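The values are calculated or read from the model by the stated rules, or taken from the named source; none is laboratory data. Everything numeric here is computed off the predicted structure, so don't read it as measured data. All Cβ positions, glycine included, derive from the backbone under ideal geometry; neighbour counts span all protein chains shown.
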Amino acid sequence: MADERLERRLAAVLAADVAGYSRLMGRDEKRTLADLKSSRKALVDPAIAAHRGRIVKTTGDGLLVEFASVVDAVDCAVKIQRGMAAKNADVPRDLRIEFRIGIHVGDIIIDDNDIFGDGVNIAARLEGIAEPGGICISRQVYDQIEGKLSQTCRPLGAQNLKNISKSVEAYSVDFNAAEIAGPTEPGNMKLKIDYCRAPDGVRLAYATVGSGPPLVKTANWMNHVEYDWESSALGHVFMTLARDFTLLRYDARGNGLSDWDVEDLSLDAWVSDLETVVDAAGLDRFPLFGMSQGCAISVAFAVRHPERVSHLVLYGGFARGAYRRGNELEVQKARALATLIRTGWGEETPVYRQLFSSLFMPGGTPAQLQKFAERQRTTTSAECAYRYFETTRNLDVRELLSKVTAPTLVMHKRDDQVQPFEAGRELAAGIPGARFVALPGQNHIPLDQDPETARMLEEIRLLVRR
């Protein structure tokens, strides 16, 4: 008996779902269902019909759509996301219906009006890595639409998608939804700066911006709540987070707008500063985001206050500093840098500061390197920078790792030039149930042009909004 011949065809497949749907339903089922139905009826379904798409099936908050034309599929997705951005302009961020859309073109199998195959599977996985309100496409789709639509695409690099054997080169479609939804540039988002005092009298500056649920970033070396928001190489990270959360940042003692002339620089003092700031801001329970040296402080705070930390995100950090890791070459390099900090930080010549810029962001543009060099002099004094550097290189929180109870995400770049990759792996291995994400790249600072920065930000959203 001959095998039954399968019906196949080449098609563009669009997969969509609602970001944070379970959270929205848990908060207000009636409103969420009503909003989703009205969005489908007034916007989504008409857009699909106008672009000659076929809705294959719906899955609660999700859609699977087939198009004969790749251009039609992407143009339809753009129309949907633009329309949703306009619809959500006056809706609080934590109540918005925001679709994530993935598109792939490939061979599909048709069975009783349903579709199967890698064309479907890859589209669904691309949807999973798309930002809320965003569109993620495969390289095959990009090649088909290049020069045919007005939208630009930002490369995300090769992505290892769940249950897909080969990596998929992905792109994010830029359709300026932010302009429709409202102003989101740092100058147009209101940064609120306040001050409080630590138990030992040190004045601490903290800033809040954005809307939605809280997200607290632990302070680390060379912070300045105002400068970092307005003009530093990190501004894009904070601006993106402020679109989804009420972002709270603060300047640790010895940094930025907080007091520089302080007696105590230690792990206990930094944890106390974090306690002081979140109490002053009136926060009870929140996700905590640590970068670099801030990871050790975040771990210590999470262990001391497990009831207050809902999620823990650790990026580019370590459990023990360079002086405690036992690598003699690394120790020698750290001591040489410490000497350069103490002797050259305040000099008019930029040579010393340029060295640090190149170390923290070897892939930075000349403008980014210059901004980082300026940031060093703006954020702290030479003496305080030296003391901060020496203290962090002596940190060791290994004994605390096993006591962390919050859901934890650890991210680290494979070729980080400041903190070795193994330091990130050690950090993750010691925390029960921690998820470790290895990112490509060597820039310690997550730059705007780095494809892995978008992945980092999306991983934060996926964890915190779970």
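Key figures
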read-out: Members of the stretch 308-327 found to be buried (at least 24 other Cβ atoms within 10 Å of the Cβ), part of a loop (DSSP other than H, G, I, E, B) and in contact with a strand residue (DSSP E or B) (Cβ under 8 Å, 6 or more places away or on another chain), listed by number; value: G316, G317, A319
read-out: Qualifying residue in the stretch 63-70 (condition: assigned to a helix (DSSP H, G or I), assigned by TED's automatic domain parsing to the domain that holds A124 and more than 25 Å from V464 (Cα to Cα)); value: yes
read-out: Qualifying residues in the stretch 89-103 (those that are assigned to a loop (DSSP other than H, G, I, E, B) and touching a helix residue (DSSP H, G or I) at 6+ places or on another chain (Cβ under 6 Å)) - the one farthest from K37 (Cα to Cα); value: A89
read-out: Test: residue in the stretch 451-463 that is in contact with a strand residue (DSSP E or B) (Cβ under 8 Å, 6 or more places away or on another chain), part of a loop (DSSP other than H, G, I, E, B) and crowded, with 16+ Cβ neighbours inside 10 Å; value: no
read-out: When residues of the stretch 416-440 are limited to those that are in contact with a Gly (Cβ under 8 Å, 6 or more places away or on another chain) and crowded, with 19+ Cβ neighbours inside 10 Å, the one farthest from T392 (Cα to Cα); value: D416
read-out: Options G106, G133: the member that is in contact with a Phe, Trp or Tyr (Cβ under 9 Å, 6 or more places away or on another chain) and not in a helix (DSSP H, G or I); value: G133
read-out: Tally, over the stretch 151-160, of residues that are within 18 Å of R82 (Cβ to Cβ) and out of contact with any helix residue (DSSP H, G or I) (no Cβ under 9 Å at 6 or more places or on another chain); value: 1
read-out: Flag for A406 being within 25 Å of the chain's Cα centre (by Cα), hydrophobic (A, V, I, L, M, F, W, C) and surrounded by fewer than 16 Cβ atoms within 10 Å (Cβ to Cβ); value: no
read-out: Residue under evaluation V71, criteria (1) within 25 Å of L10 (Cα to Cα); (2) surrounded by 19 or more Cβ atoms within 10 Å (Cβ to Cβ); (3) β-branched (V, I, T); (4) at pLDDT 90 or above, criterion not met; value: (2)
read-out: One residue from E452, E422, E390 being assigned by TED's automatic domain parsing to the domain that holds Q332, over 19 Å from L288 (Cα atoms) and free of Cβ contacts under 8 Å to residues at least 12 places away in the same chain; value: E422
read-out: Number of the exception - E399 against (1) assigned to a loop (DSSP other than H, G, I, E, B); (2) without any contact (Cβ under 8 Å) to a residue 40 or more places away in the chain; value: (1)
read-out: Members of the stretch 43-61 that are modelled with pLDDT of 90 or more and among the small types (G, A, S); value: A47, A49, A50, G53
read-out: Any hit, the stretch 375-388, residues being of a type in the set (D, E), in contact with a helix residue (DSSP H, G or I) (Cβ under 8 Å, 6 or more places away or on another chain), closer than 20 Å to H444 by Cα and assigned to a helix (DSSP H, G or I); value: no
read-out: Only listed residue being surrounded by fewer than 20 Cβ atoms within 10 Å (Cβ to Cβ) and closer than 30 Å to P213 by Cβ, chosen from R139, R100, R125, R154; value: R154
read-out: Residue tally, condition farther than 26 Å from R304 by Cα, free of Cβ contacts under 8 Å to residues at least 60 places away in the same chain and in contact with a Lys or Arg (Cβ under 9 Å, 6 or more places away or on another chain), over the stretch 211-269; value: 2
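Residues are listed down the side, and each one gets a yes or a no for (1) under 21 Å from Q81 (Cα atoms); (2) modelled with pLDDT of 90 or more; (3) assigned by TED's automatic domain parsing to the domain that holds T58:
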| position | (1), (2), (3) |
| --- | --- |
| I103 | yes, yes, yes |
| I109 | no, no, yes |
| F116 | no, no, yes |
| A123 | yes, yes, yes |
| L126 | yes, yes, yes |
| E131 | yes, no, yes |
| I135 | yes, yes, yes |
| Y142 | yes, yes, yes |
